[in-house]
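Q: This structure is in structure tokens; I'll ask about it shortly.
The values are calculated or read from the model by the stated rules, or taken from the named source; none is laboratory data. What you are looking at is a predicted structure, and each value in this text was computed from that prediction instead of being measured. Using ideal geometry, Cβ is built from the backbone for each residue, glycine included, and neighbour counts are taken over all protein chains shown. Heads up: the accessible areas ignore ligands, DNA and RNA and are worked out on the full protein's heavy atoms, side chains in. Shrake-Rupley method; radii C 1.70, N 1.55, O 1.52, S 1.80 Å.
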Amino acid sequence: KRGGQSWGVCHSFLTFGTSYPEFRHISFDRYYVLGLGFYNFYYRNVWNQDIAVVSSGTFRASRKVFKQRLEKKPHDILVMSSCFIVESGQVELVRTLAQNFPKRRVLLQIKNSFINSEAGQSFISACTLGLKNVFLETDGIYSLLRKARYVFSDPSTAVVEAVQFGSYAMASDISPTRRPGILREIPGFCVNSGNQASQRIRDIESGKWQYP
């Protein structure tokens, strides 16, 4: 009666599944989302049709931080990991990238809630053993995105944010048990091995392949 509206913000990009129970039944006048992909694929016919679903940038970054996307980045490689720290394929991705590009720094970032776990520490050891160009990084994501031109990540909001921040970002799709997800719908966005990730970098730099 007073003309008020209910606005909401989806704080993440729903990368790890297709239809989350907690997001199936929501109601806002306006709802800001990090890209319309998951809405168009999975929720358009579920959400209240009166909701104005608005595609927007990441809500966590300030305007000052977001301007950093225009800065020139070194040709180093950032690998971000969370749930895939238990996957041998993620270790292979890191080590193969480091071996294929020995003159580049491979920066290893692990989500705070995983890094100090037993699995997290084992992952760090497995990724860095005998390799002098793999470095564990603990800075925030937005700071790290300034340090590398190429970004690989397991399914997360961060890999989508990396695209917005001007990185050549791709998703690691190495889990043998993971079911289909939205990131697989983006042509060329997923890689399933360290050699494929390395070839993507080479093809970008040679002009053979254009980043989507």
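Q: How many Å³ per residue does the convex hull of the Cα positions in region 169-212 occupy?
A: Normalising the Cα hull of region 169-212 by residue number yields 62 Å³.
Q: Same structure, new question: At 0.36 nm per residue, and after removing the present C-alpha to C-alpha distance, how many nm does the segment from Ser122 to Val53 gain when stretched out fully?
A: Length difference between fully extended and current span is 20.7 nm.
Q: Find the all-direction average of the projected area of the Cα convex hull for region 134-212, expressing the result in square nanometres with one decimal place.
A: 5.8
Q: For region 2-121, what is the accessible area per residue in Å² when the probe is 1.4 Å?
A: Accessible area per residue: 59 Å².
Q: Here's another thing I want to ask about it. Would you mind calculating the relative contact order of region 107-197 from Cα pairs under 8 angstrom and at least 6 residues apart, reporting the percent as a whole number?
A: Averaging sequence separation for qualifying contacts and normalising by length gives 19 percent for region 107-197.
Q: Also, quick follow-up: How large is the direction-averaged shadow of the alpha-carbon convex hull of region 43-90, in nm²?
A: Projected over every direction and averaged, the Cα hull of region 43-90 covers 6.9 nm².
Q: Here's a follow-up. How about region 129-212: which chymotrypsin sites (Phe, Trp or Tyr not before Pro) there are in a DSSP loop, with at most 14 other Cβ atoms within 10 Å of their Cβ?
A: Of the chymotrypsin sites (Phe, Trp or Tyr not before Pro), the ones in loops of region 129-212 whose Cβ has at most 14 other Cβ atoms within 10 Å are Trp209.
Q: Which of the GluC sites (Glu not before Pro) found in region 68-101 are in a DSSP loop and have at most 12 neighbouring Cβ atoms, other than their own, within 10 Å?
A: Glu71
Q: Which residue, Ala158, Ala119, Ala148, tops the fluctuation ranking in a GNM of the chain built on C-alpha contacts under 10 Å?
A: Ala119
Q: Shifting gears a bit: Please name whichever of Ile186, Ile204, Ile174 sits farthest to the positive end of the charge dipole of region 171-212, dipole taken about the Cα centre and charges placed at Cβ: Lys and Arg +1, Asp and Glu -1.
A: Checking the options against the dipole of region 171-212, the answer is Ile174.
Q: Please identify, among Ser82, Ser167, Ser113, the residue showing maximal mean-square fluctuation in a Gaussian network model of the chain using a 10 angstrom Cα cutoff.
A: In the Gaussian network model the winner is Ser113.
Q: State the percent of C-alpha pairs, over all pairs in region 1-117, separated by a distance greater than 18 angstrom.
A: 68
Q: Something else now. For the chain, with all protein chains present and a 1.4 Å probe, just round the carbon and sulfur fraction of the accessible area to a whole percent.
A: 50
Q: Check cross-link reach from Lys147 to the lysines: straight Cα distance under 29 Å, and skip same-chain residues fewer than eight apart.
A: The reachable lysines, counting only those whose Cα sits under 29 Å from Lys147, are Lys64, Lys67, Lys72, Lys73, Lys103, Lys111, Lys132, Lys208.
Q: How high is the relative contact order of the chain, given as a whole-number percent (alpha carbon pairs under 8 Å, six or more residues apart)?
A: 22
Q: Could you tell me the calculated FRET efficiency between Asn40 and Thr138, based on Cβ-Cβ distance and R0 = 35 angstrom, to the nearest 0.05?
A: 0.45
Q: Compactness ratio of the chain: Cα Rg over 2.2 N^0.38 Å, N = residue count?
A: After normalising by residue count via 2.2 N^0.38 Å, the value is 1.09.
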